[in-house]
Amino acid sequence: MSESTLWALVLEFVRLGLISFGGTNIAELERVLVGEHHWITPGTLANGFALGQLMPGPNMLAVTYYGYATAGWPGALASTLGFYGPTALLSALAALAWRRFSTHPWLVAFRDALLPFGAGVLLAGVLVLGQSSIHSWVGAGIAAVAFVILWRTKVNSVIVVIGAAVLGALLGL
Amino acid sequence: MTSTASSRPEETARPPAPPTPATLLRLFVGVALSGIGGGLPAHARRAVTARGWMTDAQFAETYTLAQLTPGPNAVNLAAMIGARLCGPAGAATSVVGILIPGLIAMLAASAVTLGAGSGLPPAVQSGLRGAACAALAVMLSAAIPVVRVGLGVKGGLILAALTFLGLGVLRLNLLPVFAALVGLGLYLNRPQRVPPPEEDHV
């Protein structure tokens with residue numbers, strides 16, 4: 001993998017980190033990584049997201065997977081640092097500034113404007129991820145049952161994901 | 001959320017030892033490990049309030065702020081708690097702490113599944129496909145509370161629906177959609193003039 005690709009990877013993940021609000025921006029990840037650059041396939045996108053659910057810590061460690069799929073170990077390092085570094089720095093600075101300005105009326109208005117946008121971003125991500133991870137009625141059924149379990153019970157999501165993995169392997173999904 | 005409020009201990013008995021970057025590193029490694037499969041903010045809250053380093057109100061404020069800054073929420077939250085409790089060094093060690101366990105596990109998983117190329121056993125491939133279906137359900141269930149809050153804002157339903165349409169269905173570039181819809185949201189929620197002293201609107 002050439003050095004220029006690695007830089008492109010870093011810059012793309014810096015951008016992806018800075019434009020994800022209120023959670024995961026899978027829709028934009030898919031548009032850029034799969035559609036624009038052809039760095040990963042839709043299958044890799046879905047696999048990485050699923051593995052991320054099994055990892056300790058933030059589930060967007062899927063970015064590490066996507067970086068590895070694109071350019072091996074250097075790619076994993078580049079995507080991880082690019083995605084988490086600048087946003088973490090910005091957050092720390094915001095935490096230190098917040099106490100001074102938190103009551104400013106325009107900041108309150110900005111928060112209110114961001115909340116529905118964040119909701120729409122998440123729902124768009126569900127749609128895009130659904131298109132790349134569900135290929136059959138059996139898969140749709142597994143997703144629906146998993147959703148009802150997660151929604152109605154307190155079962156840990158790792159157990160649900162592992163259960164679905166076992167079921168998928170047994171059914172030859 | 002706080003249904004077990006009756007078990008609240010008296011925290012005034014002993015003053016908490018102040019956090020250091022090293023204790024924050026250990027704390028967030030523990031938060032990451034106990035947060036397999038989500039619920040990281042809940043684990044972080046328990047960890048910092050149990051030690052008397054933050055009150056629930058301080059945590060709630062920090063958590064809201066972490067939702068608003070771009071990037072992954074759980075990492076933002078760690079950076080903010082670290083910065084607030086222990087300055088820049090605390091922010092750095094908190095972020096490293098919350099990332100390290102998963103990073104090691106994910107690198108191992110990447111090397112195994114991607115290093116094998118297309119030669120992955122069929123059972124593993126179909127297992128991953130099953131996991132992906134459940135991961136979609138995890139994402140949807142995590143989106144529900146966020147959507148609920150977003151719809152509670154003035155114009156929230158229309159703004160969220162337009163965002164979904166623009167990014168999910170039409171696959172438009174994010175920045176123009178962001179500029180248009182957050183701009184519209186700012187207009188709808190713009191600060192009102194300070195009301196006159198006589199309170200005629202109750």
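The values are calculated or read from the model by the stated rules, or taken from the named source; none is laboratory data. The structure presented is a predicted model; accordingly, all values stated were derived computationally and were not measured. When we count neighbours, we look across all protein chains shown, and the Cβ atoms used for this are built from the backbone with ideal geometry, even at glycine. Heads up: the accessible areas ignore ligands, DNA and RNA and are worked out on the full protein's heavy atoms, side chains in. Shrake-Rupley method; radii C 1.70, N 1.55, O 1.52, S 1.80 Å.
Results, tabulated for the structure shown:
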read-out: Other protein chain Cβ atoms within 10 Å, averaged over every residue that makes up B:82-95; value: 3
read-out: Among A:ALA27, A:ALA92, A:ALA69: highest mean-square fluctuation, GNM of chain A, C-alpha pairs under 10 Å; value: A:ALA92
read-out: Whole-angstrom Cα spans of the protein assembly as shown along principal axes, big to small; value: 73, 49, 47
read-out: Separation between Cα centres of the range A:48-114 and the range B:85-100, rounded to whole Å; value: 14 Å
read-out: Sequence of A:LEU114, A:LEU77, A:LEU170, B:LEU103 when ordered by accessible area, the most exposed leading, probe 1.4 angstrom; value: A:LEU170, A:LEU77, B:LEU103, A:LEU114
read-out: Nearest-0.05 FRET efficiency for B:ARG51 and B:LEU165, computed from C-beta distance (R0 41 Å); value: 0.35
read-out: Å² per residue, accessible surface of the protein assembly as shown at 1.4 Å; value: 47 Å²
read-out: Nearest-10 value in Å² for the accessible area of A:GLU36, using the 1.4 Å probe; value: 100 Å²
read-out: In nm, spacing of pseudo-spin labels at A:LEU171 and A:VAL148 (7 Å Cα→C-beta vector); value: 1.3 nm
read-out: Accessible surface of the protein assembly as shown [probe 1.4 Å, protein heavy atoms]: carbon and sulfur percent; value: 69 percent
read-out: Solvent exposure ordering (accessible area, 1.4 Å, most first) of B:ASP56, A:ASP112; value: B:ASP56, A:ASP112
read-out: Probe 1.4 Å - accessible area at B:GLU61, Å² to nearest ten; value: 70 Å²
read-out: Cβ-Cβ FRET estimate between A:ILE159 and A:THR41, R0 fixed at 25 Å, reported to 0.05; value: 0.30
read-out: The range A:1-154 shape via C-alpha gyration tensor axes, a/c threshold 1.5; value: oblate
read-out: Cβ-derived FRET efficiency at R0 45 Å, A:TRP7 paired with A:PHE110, nearest 0.05; value: 0.90
read-out: Angle between chain A longest axis and helix A:137-152 axis [Cα atoms, degrees, rounded to 10]; value: 50 degrees
read-out: Rounded to the nearest 10 Å², the accessible area of A:HIS37 at probe 1.4 Å; value: 60 Å²
read-out: Accessible area, probe 1.4 Å, largest first, for residues A:TRP7, A:TRP106, A:TRP137; value: A:TRP137, A:TRP7, A:TRP106
read-out: Estimated distance in nm for a label pair at B:GLN192 and A:TRP137, the labels positioned 7 Å out from Cα along Cα-to-Cβ; value: 5.4 nm
read-out: Area hidden from solvent between A and B (accessible, protein heavy atoms only, 1.4 Å, total, Å²); value: 7700 Å²
read-out: Radius, Kirkwood style, for the range B:132-189 when every pair of distinct Cα atoms is counted (Å); value: 12.4 Å
read-out: Placed amide H near B:GLY35: partners under 5 Å, 5+ positions off or other chain; value: A:GLY57
read-out: Equivalent ellipsoid dimensions for the range A:105-171 as semi-axes, Å, which come from the Cα gyration tensor, largest first; value: 33, 15, 8
